[in-house]
Number of protein chains: 2
Amino acid sequence: MHSFKSLQRRINLAFTDTAFMHEPVQLYEPIAYTLDFGGKRLRPVLVLMACDFFGGDIDKAVFPAMGVEIFHNFTLLHDDIMDHALLRRGRDTVHQKWGTNAAILSGDTMFVLAYEYVAKTDPELLPMVLNLFNDTARKVCEGQQYDMNFETQHDVTIDDYMRMIRLKTAVLIACSLKLGALLANADQVHAEKIYEFGIELGMAFQLQDDFLDAFGDSKKFGKTIGGDIAAYKKTFLFLKALELARGDTLIKLTNYFFNKEINGEQKIAETIDIYKQLKVDEITRIQIEHHHQKALEILQSLPFEAEMTTEIIGLMQEMLGRER
Amino acid sequence: MHSFKSLQRRINLAFTDTAFMHEPVQLYEPIAYTLDFGGKRLRPVLVLMACDFFGGDIDKAVFPAMGVEIFHNFTLLHDDIMDHALLRRGRDTVHQKWGTNAAILSGDTMFVLAYEYVAKTDPELLPMVLNLFNDTARKVCEGQQYDMNFETQHDVTIDDYMRMIRLKTAVLIACSLKLGALLANADQVHAEKIYEFGIELGMAFQLQDDFLDAFGDSKKFGKTIGGDIAAYKKTFLFLKALELARGDTLIKLTNYFFNKEINGEQKIAETIDIYKQLKVDEITRIQIEHHHQKALEILQSLPFEAEMTTEIIGLMQEMLGRER
């Protein structure tokens, strides 16, 4: 059995060993810039881990795992254009550094690259693998569209929000795990189960991200507190608060969110205060715990040895406890 | 044997029979708008034709052929953003109608859709088919990048230009034909030959497009004459004229192209005059004929029956003689 850390080293090595620079340089420089950066490489490590734990050969999973990571970075690159984001992981975004056209076209090329890496698999597995990847890619695009719709949609429900994060975030985490299972020739029932495990993990992961934006320790979290509030993001926290707020609190909350003239630290502090008054922090924790528990239940039904289950639980702790 | 016209009807029917609208509508409406329009459907018809002429079952080629057409339309959609084009086939472009973000994301989704359709093929053919499609998609992106580079690059050579149109235009025509051959289980030698035939045809096709921009009959051509000149496009015509021009003619030509203050009908008329003085029209015709002849030579070496060869030659005439 390989540990998460050793699989992470393996993926990092695979990326540093790959030359993404080709001609024309204007096309490939933004790609190399994006892929050389590193990061946690969470999704490709999940591919390798699932492959390993289902008894597969991780050597055969490295390229498809890289494909998933390249796809993830492609979505970030195009999302950053759509969100007018200036920074990503503390560096200029691609469209900020090279312009929108370069970001569109380099993104498109990364998407092809993702397919090239995903396709580097046993021919007999390719139809299943490609089917999973196509389905995932389509859903991630749909999730991003719902997220963009929310910016101007005033009647977003918690259900709408859950569907959006399922598509935009959870599905790719689930796909990573299922891909690893398929590459290990795991049976369909187990492949589906680890997919569902990934969905629950992904939902918990995104809700935790929402939670930490308001209630995290900015030093340990590495982000400014209240970024989602400042950006008028309709997160789980905000939608739950909107559902629960009455009277003056509701007026204040609504005013903060729909009057784009008001911004700044006071707004952030007062919104977080409202969240606390309405116990949105506790409710969010319960929601995260709900998905966490569902993930654990599914995990127990998978045919993993005790030490593998322990390794996965440790990884879940790390993914869901990033403020500690 | 199926005729070009009957294959075109078949593809048109396949598109009109497909519902591209799904949820979220904001994502799929621009896709349906783009794909419902029609057009000549040249590339998917080439897929079916090659499949048919190599003895394959065209029923099995319809979905992959649609994939190629969806891919082609995806590239047009993203190119229109990059070129700030307002009209495409006489209608508002997607980014003009729904905004840049919608155009980026609907384009990305069309790209996934293209892969979904291309993947609808016999599992044992999938690795080869996917490999061809990935290679083509990557090259088309590279071609678009070279084309964008030309806008600010002052030392573009004819060789640079030929490489660009090969990547941006010819490769997809070649891919369409080779895809049809692969789907018919044609042998590798023939599949490569029809690819090379497609490259020559594609080169001739693009050069003819350049030629007609300056020397076509605007009524039959359906475009305004001199669009490339007005848009400062470094076409074969301009690059050849720049190579041949001397003295005052060179100064005038250079001034027209590098001084963006000057535009209008007089500039177009005088540039076309310079082309005529330098015999750029004849030289371009010779260049087109060169690729046309090379295509015909390759065609003769393919194992097609006489009536198939005649049908392909007729199609080439139509593709290369659009001003008549």
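The table below lists the values:
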{"quantity": "Residue match in the range A:258-268 (condition: over 30 Å from A:Gly56 (Cα atoms), touching a residue at least 60 places away in the same chain (Cβ under 8 Å) and loosely packed, with under 12 Cβ neighbours inside 10 Å)", "calculated": "yes"}
{"quantity": "Residue match in the range A:19-33 (condition: assigned to a helix (DSSP H, G or I), of a type in the set (Val, Ile, Thr), closer than 24 Å to A:Gln206 by Cα and without any contact (Cβ under 8 Å) to a residue 60 or more places away in the chain)", "calculated": "no"}
{"quantity": "Test: residue in the range B:61-76 that is within 11 Å of chain A (Cβ to nearest Cβ) and within 20 Å of A:Met82 (Cβ to Cβ)", "calculated": "yes"}
{"quantity": "Every residue from the range B:281-316 that is in contact (Cβ under 8 Å) with a residue 12 or more places away in the chain, hydrophobic (A, V, I, L, M, F, W, C) and either in the same structural domain as B:Ala204 (by TED's automatic domain parsing) or buried (at least 16 other Cβ atoms within 10 Å of the Cβ) (or both)", "calculated": "B:Ile283, B:Ile288, B:Ala295, B:Leu296, B:Ile298, B:Leu299, B:Leu302, B:Phe304, B:Met308, B:Ile312, B:Leu315, B:Met316"}
{"quantity": "Hey, A:Gln153 in contact with a Pro (Cβ under 6 Å, 6 or more places away or on another chain) and over 30 Å from B:Pro123 (Cβ atoms) or not", "calculated": "no"}
{"quantity": "Which listed residue is in contact with a helix residue (DSSP H, G or I) (Cβ under 9 Å, 6 or more places away or on another chain), modelled with pLDDT of 95 or more and acidic (Asp, Glu), from B:Glu192, B:Glu270", "calculated": "B:Glu192"}
{"quantity": "Index of the failed condition, B:Gly56 passing every other in (1) in contact with a strand residue (DSSP E or B) (Cβ under 8 Å, 6 or more places away or on another chain); (2) part of a loop (DSSP other than H, G, I, E, B); (3) crowded, with 16+ Cβ neighbours inside 10 Å", "calculated": "(1)"}
{"quantity": "Test: residue in the range B:98-108 that is more than 10 Å from chain A (Cβ to nearest Cβ), touching a Pro at 6+ places or on another chain (Cβ under 6 Å) and surrounded by fewer than 21 Cβ atoms within 10 Å (Cβ to Cβ)", "calculated": "yes"}
{"quantity": "Single unsatisfied condition, A:Leu46 versus (1) out of contact with any helix residue (DSSP H, G or I) (no Cβ under 6 Å at 6 or more places or on another chain); (2) in contact (Cβ under 8 Å) with a residue 60 or more places away in the chain; (3) not small (Gly, Ala, Ser)", "calculated": "(1)"}
{"quantity": "Every residue from the range A:122-136 that is more than 7 Å from chain B (Cβ to nearest Cβ), closer than 19 Å to A:Phe74 by Cβ and in contact with a helix residue (DSSP H, G or I) (Cβ under 7 Å, 6 or more places away or on another chain)", "calculated": "A:Val129, A:Leu132, A:Phe133, A:Thr136"}
{"quantity": "Residue check for A:Asp79: surrounded by fewer than 22 Cβ atoms within 10 Å (Cβ to Cβ) and within 26 Å of A:Glu151 (Cβ to Cβ)", "calculated": "yes"}
{"quantity": "Selected residue (criterion: surrounded by the fewest Cβ atoms within 10 Å (Cβ to Cβ)) from residues of the range B:109-121 that are touching a residue at least 12 places away in the same chain (Cβ under 8 Å), within 8 Å of chain A (Cβ to nearest Cβ) and more than 20 Å from the chain's Cα centre (by Cα)", "calculated": "B:Glu116"}
{"quantity": "Residue match in the range B:220-235 (condition: closer than 30 Å to B:Ile298 by Cα and touching an Asp or Glu at 6+ places or on another chain (Cβ under 7 Å))", "calculated": "yes"}
{"quantity": "Selected residue (criterion: farthest from the other protein chains (Cβ to nearest Cβ)) from residues of the range B:137-172 that are among the β-branched types (Val, Ile, Thr) and closer than 16 Å to B:Val118 by Cβ", "calculated": "B:Val171"}
{"quantity": "Failed item, numbered, when A:Ala85 is tested on (1) at pLDDT 95 or above; (2) in contact with a helix residue (DSSP H, G or I) (Cβ under 8 Å, 6 or more places away or on another chain); (3) not in a helix (DSSP H, G or I)", "calculated": "(1)"}
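Quick grid of which residues meet (1) outside any helix (DSSP H, G or I); (2) within 17 Å of A:Tyr117 (Cβ to Cβ):
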residue: A:His2; (1), (2): yes, no
residue: A:Arg10; (1), (2): no, yes
residue: A:Asp52; (1), (2): no, no
residue: A:Phe63; (1), (2): no, yes
residue: A:Phe71; (1), (2): no, yes
residue: A:Thr75; (1), (2): no, yes
residue: A:Ile81; (1), (2): no, no
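The values are calculated or read from the model by the stated rules, or taken from the named source; none is laboratory data. Since the model is a prediction, treat every value here as computed from it, not as a measurement. As a convention, Cβ positions derive from the backbone with ideal geometry for all residues, glycine included, and neighbour counts pool all protein chains shown.
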